[in-house]
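Peer 1: Below you will find the structure I want to go over with you.
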Amino acid sequence: MEKVVIIGTGCAGLTAAIYSARANLNPLVLTGTMPGGLLTTTSTVENFPGFPEGVDGFQLMQHMQKQAERFGARVQFGTVESADLSGDHPKLIVDGKEIETQTLIIATGAGHRHLGLENEKKLENKGVTYCATCDGALPMFRDKPLVVVGGGDSACEEATYLTRFGSKVYLIHRRDELRASKIMAERAVNHDKIEMVWDTVVTEIHGVEDDEVTGVQLKNTKTGEESRLDCAGVFVAIGHVPNTQIFTGHIDMDEAGYVLPRGGSKTSSKGVFVAGDCADQVYRQAITAAGMGCMAAIDAERYLGEQDQ
Ligand code: NAP
């Protein structure tokens, strides 16, 4: 039986791995389908303490993994198919094999929220994308008008990044005020290649018959007026959904699926701890996820100590 299994290799999972490895607990760390987590899809991270010039998100995650492995963490590529948290020890099915563990740290993060439009799925990777840093430089977007949907830091960051490639970037937001932090918002609003489209929602994406995005259908939320905007790309940046589906019914969660921690990182299930974006609807920062990962590792270590007594 494992002592500590950590699901997730984002900031939360890898920080938990560093701490539990340094406590000689030899943690098994499962990557899930996105090794390194969401930070690997961002460009420069400017607000992680210790890097005055910023740090590349992918590189930061690589360093965290190496740091954890140096102390004995075992990082294994694997996806958890199901979990049984009803017994004395959590049990997981990982790629068809059962893993039993004394403690489990859930650090599964969150995935991109979708608009839920009929053509969105049909045009995914044909102009619809959820990651400007991953896809923005593709030839299909070069010198073409591009659309970013959202009003948070992600949308502002993506829109600013895309000005390197597109002929013009339309930032479409459903309200007349951005949710983004002041610095990110100002960078976007003041950029001469970005046009703000306020009080507007995307009601459909055009281009299925051409097998590539050709435009979006827009609706003004105040006037009800509808219009079409031609573009080659739709970058959806409207927030995230926690990756907690496999734990539904096993541990307490809120309505949106975020795990509800109970004092520190404990969950409603014995020996199960939680860290990072899958339990954080409010802060969702790399540094807060890392802090929660540290808490979960310390809580798991103390729990193991209590079991030994
Ligand atoms: P977010 O802050 O939750 O913002 C989501 C945005 O999408 C909001 O403006 C929201 O509109 C809009 N939205 C949500 N559902 C929508 C829908 N169905 N249709 C149209 N618009 C919709 O998400 P985020 O921007 O991904 O940021 C998440 C967290 O990561 C934040 O804490 C942020 O500070 C952080 N972050 C930091 C950086 C950085 O510092 N480098 C970069 C990216 C993200 P409303 O405003 O009307 O609700």
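The values are calculated or read from the model by the stated rules, or taken from the named source; none is laboratory data. All figures in this text were calculated on a predicted structure; none of them were measured in a lab. Note: ideal-geometry Cβ built from the backbone for every residue, glycine included; neighbour counts use all protein chains shown. When the accessible area is computed, the model is the full protein with side chains, heavy atoms only, and any ligands, DNA or RNA have been set aside. Shrake-Rupley method; radii C 1.70, N 1.55, O 1.52, S 1.80 Å.
Peer 1: From the list GLY87, GLY72, GLY54, exactly one residue is farther than 16 Å from PHE273 by Cα, modelled with pLDDT under 95 and open to solvent by less than 70 Å² (accessible area, probe 1.4 Å). Which is it?
Peer 2: On the way: GLY87 fails: farther than 16 Å from PHE273 by Cα; GLY72 fails: modelled with pLDDT under 95.
One residue alone meets the criteria, GLY54.
Peer 1: In the stretch 223-239, what residues are open to solvent by less than 40 Å² (accessible area, probe 1.4 Å) and farther than 14 Å from VAL202 by Cβ?
Peer 2: Residues satisfying the conditions are GLY224, ALA232, GLY239.
Peer 1: Identify, from the list THR44, THR9, the residue that is farther than 19 Å from TYR283 by Cβ, β-branched (Val, Ile, Thr) and open to solvent by 10 Å² or more (accessible area, probe 1.4 Å).
Peer 2: On the way: THR9 fails: open to solvent by 10 Å² or more (accessible area, probe 1.4 Å).
On inspection, the qualifying residue turns out to be THR44.
Peer 1: Here's another thing I want to ask about it. Checking the conditions here, which among LYS97, LYS121 is open to solvent by 70 Å² or more (accessible area, probe 1.4 Å), out of contact with any helix residue (DSSP H, G or I) (no Cβ under 9 Å at 6 or more places or on another chain) and more than 16 Å from the ligand (Cβ to nearest atom)?
Peer 2: LYS97
Residue-wise test of (1) acidic (Asp, Glu); (2) closer than 30 Å to THR203 by Cβ.
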position	(1), (2)
PRO49	no, no
GLU53	yes, no
PHE77	no, no
GLU100	yes, no
LEU104	no, no
LYS121	no, yes
GLU124	yes, yes
GLY136	no, yes
ASP143	yes, yes
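Peer 1: All but one of (1) open to solvent by 60 Å² or more (accessible area, probe 1.4 Å); (2) more than 27 Å from GLY264 (Cβ to Cβ); (3) polar (S, T, N, Q) hold for THR79; which doesn't?
Peer 2: Result: THR79 passes all but (1).
Peer 1: Would the stretch 268-279 turn up any residue that is open to solvent by 70 Å² or more (accessible area, probe 1.4 Å) and more than 20 Å from VAL45 (Cα to Cα)?
Peer 2: Within the stretch 268-279, one or more residues are open to solvent by 70 Å² or more (accessible area, probe 1.4 Å) and more than 20 Å from VAL45 (Cα to Cα).
Peer 1: In addition: Here's a check for you: in the stretch 124-140, which residue that is crowded, with 24+ Cβ neighbours inside 10 Å and of a type in the set (A, V, I, L, M, F, W, C) is farthest from ASP210 (Cα to Cα)?
Peer 2: Among residues in the stretch 124-140 that are crowded, with 24+ Cβ neighbours inside 10 Å and of a type in the set (A, V, I, L, M, F, W, C), the one farthest from ASP210 (Cα to Cα) is ALA132.
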